[in-house]
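**Student:** Attaching a single structure in structure tokens format; questions to follow.
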Amino acid sequence: MSEAPHDALSARFFDGVHSRPHAALLQTRERMLLITPTEEGAFAPLSVPLSAVRWPERTRHGGRLAQLPDGASLQALDVGAWDDWVGRHHRSDSWVVRAQQTWRSVAVALVLLFGAVAAMYQWGLPWVAAGVTATVPRSVDALVGQQVLASLDDSLLKPTTLAPDAQQRIRDGFARMVQRTHPDGAPEVRLEFRSARDPRFGPNALALPGGTIVLTDALVELMPDDDDAVLGVLGHEFGHVLRRHAMRQLVQASAVGFAVSIAFGDYGTLIGSAPVLLATLGYSRDLEREADAESVRLMRASGISPRAMATFFEALERWRADRNGKKGESGSTAGDDAIGLAFSSHPATAQRIEFFKNAAQK
């Protein structure tokens, strides 16, 4: 065997036809890879443009090979020598490959990945949900709203016992408030009064997709002789309707399934799961703030002080404290806020009271 040429690399050569490897020497010259057999007659020497050679990404503990045209390939005998030779004659590893070789880089990548996922959940998903909701026909909102109301009537609600004249007085006041705030037109809104089967439902209101707002008798009874507070609550729910918050929540909660629905034009899955989702979801802090801001806007347009909503939240807190006190006496702790469709914990009630008090002073 003759002495290996200077700066040649020993490797195994597979011709792509037979499985038997051949000992070979690799050299480069004028952007060509020269492959020479070390045993006479093993295979005919060949040259391949370096640009035609595929160099798979190296791994820390893996072998090294290069793929040649027509199925031939090269395999390293000495991994360290191979890496050094390839680096000097062809190319160096990209920063991505180098980063993969150290645990510190992998740890940093994982931290960045988790940060990106968290940011996507916190800001990206709501932004995407808002964009997707804008593409959903309003008719879908109405279908979902009908389905949800029917489900609530079957499980949680029953017909109202509120006097018809009281219902009409609130309907008229709410309609005037919306008309004064949106003289050029507003989404169609339908106000429904209901009594709750379960006392835990309590003073409550809920804006359904499609513009239906459900108001419980208990909420009206919580604020006797204070229609301003009830109208403030309806202004808050109108804010949810105006900005399609319920549909955005549904889209966000069922993002993957909804994407499939969009792709195939089938909203059946979304509509079918809407009652359960809406009954378990709460609005985000930002969406509640948007609805509170709309409530202030409607009250001001009708000459109602936003302080009426602060009064409502104070009354609601007293109702909760009284209910929890009774639970404590009976020893029951279950389901304290099991049915908190509206006015739940976000934002904190104290913050909302402060918000409406400040709005009343402006």
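**Student:** Which ranges mark the strands (runs of 3 or more DSSP E) fully within the range 185-281 that have 2 or more residues being surrounded by fewer than 17 Cβ atoms within 10 Å (Cβ to Cβ) and either modelled with pLDDT of 85 or more or over 20 Å from the mean Cα position of the chain (by Cα) (or both)?
**Tutor:** 190-196
**Student:** Check LEU125 against each of (1) in a helix (DSSP H, G or I); (2) touching a strand residue (DSSP E or B) at 6+ places or on another chain (Cβ under 6 Å) and name the one condition it does not meet.
**Tutor:** Among (1) in a helix (DSSP H, G or I); (2) touching a strand residue (DSSP E or B) at 6+ places or on another chain (Cβ under 6 Å), LEU125 violates only (2).
**Student:** I would also like to ask the following. May I ask you to list the residues in the range 25-41 that are open to solvent by 30 Å² or more (accessible area, probe 1.4 Å) and not hydroxyl-bearing (Ser, Thr, Tyr)?
**Tutor:** Listed by number, the residues that qualify are GLN27, ARG29, GLU30, ARG31, MET32, LEU34, GLU39, GLU40, GLY41.
**Student:** Give me the pairs, please: first residue somewhere in the range 15-44 and more than 26 Å from ARG88 (Cα to Cα), second residue anywhere and among the polar types (S, T, N, Q) and at pLDDT 90 or above, beta-carbon distance under 9 Å, and either six or more positions apart or on two chains.
**Tutor:** GLY16/SER73
**Student:** Which residue is surrounded by the fewest Cβ atoms within 10 Å (Cβ to Cβ), if the candidates are limited to the range 7-24 and must be assigned to a loop (DSSP other than H, G, I, E, B), under 53 Å from the mean Cα position of the chain (by Cα) and of a type outside the set (D, E, K, R)?
**Tutor:** If we take residues in the range 7-24 being assigned to a loop (DSSP other than H, G, I, E, B), under 53 Å from the mean Cα position of the chain (by Cα) and of a type outside the set (D, E, K, R), then SER19 is surrounded by the fewest Cβ atoms within 10 Å (Cβ to Cβ).
**Student:** Quick one: how many residues across the range 154-182 are in a helix (DSSP H, G or I) and either closer than 11 Å to PHE193 by Cα or open to solvent by less than 40 Å² (accessible area, probe 1.4 Å) (or both)?
**Tutor:** Here the count works out to 11.
The values are calculated or read from the model by the stated rules, or taken from the named source; none is laboratory data. Keep in mind that what you see is a predicted model, and the values were worked out from it rather than measured. Methodologically, a virtual Cβ is constructed for each residue, glycine included, from the backbone with ideal geometry; neighbour enumeration extends over all protein chains shown. For the accessible areas, the whole protein counts, side chains as well, though only heavy atoms, and no ligand, DNA or RNA atoms are used. Shrake-Rupley method; radii C 1.70, N 1.55, O 1.52, S 1.80 Å.
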